[in-house]
Amino acid sequence: MSQAERERRGRINMRVSERQERVLRAAAELNGETLTGFVLAVATERAEEVLERAQRIDVSAEAFERFVAALDAPVEEMPTMRRYARKRSPIPAP
């Protein structure tokens, strides 16, 4: 058993229309890939794009400048917050 075969333990089953199957098979054949390989590659690429977009925050230049200014601003003293931070937590540590 090859390394690739050992790593592939998951299984995904799906139903498709006849048209979807024809389109996918034709595209896979044009690419010189198996149907499974083609669908897996395309689905994985799309999933990675979705995950990357979810982790990225897009803001305007103006909003970014305000954010940076807030980070660079002097720290505001918060005596009440400091007092609570010194107190022992009522929640036991794990």
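In nm, to one decimal, how far is the Arg66 label point from the Arg9 one, both placed 7 Å along Cα→Cβ?
4.9
If the elastic network links every pair of Cα atoms under 10 Å, which of Arg53, Arg82, Arg15 fluctuates the most in the Gaussian network model of the chain?
Answer for the Gaussian network model of the chain: Arg82.
Under 10 Å, Cα contacts only: if you run a Gaussian network model on the chain, which one of Arg66, Arg46, Arg25 comes out with the highest mean-square fluctuation?
Of Arg66, Arg46, Arg25, the most mobile in the Gaussian network model is Arg66.
Would you mind getting me the FRET efficiency between Val16 and Ile57? Use the beta-carbon distance for r and R0 = 35 Å, nearest 0.05.
Rounded to the nearest 0.05, the efficiency is 0.50.
Could you work out how much longer the chain between Arg88 and Ala27 gets when fully extended? Use 0.36 nm per residue separation minus the Cα distance between them, nm to one decimal.
15.7 nm
Bear in mind that the values in this text are calculations on the coordinates, not laboratory data. Every value quoted in this text rests on a predicted model; they were computed, and no experiment measured them. Ideal geometry is used to build each Cβ from the backbone, glycine not excepted, and the neighbour counts take in all protein chains shown.
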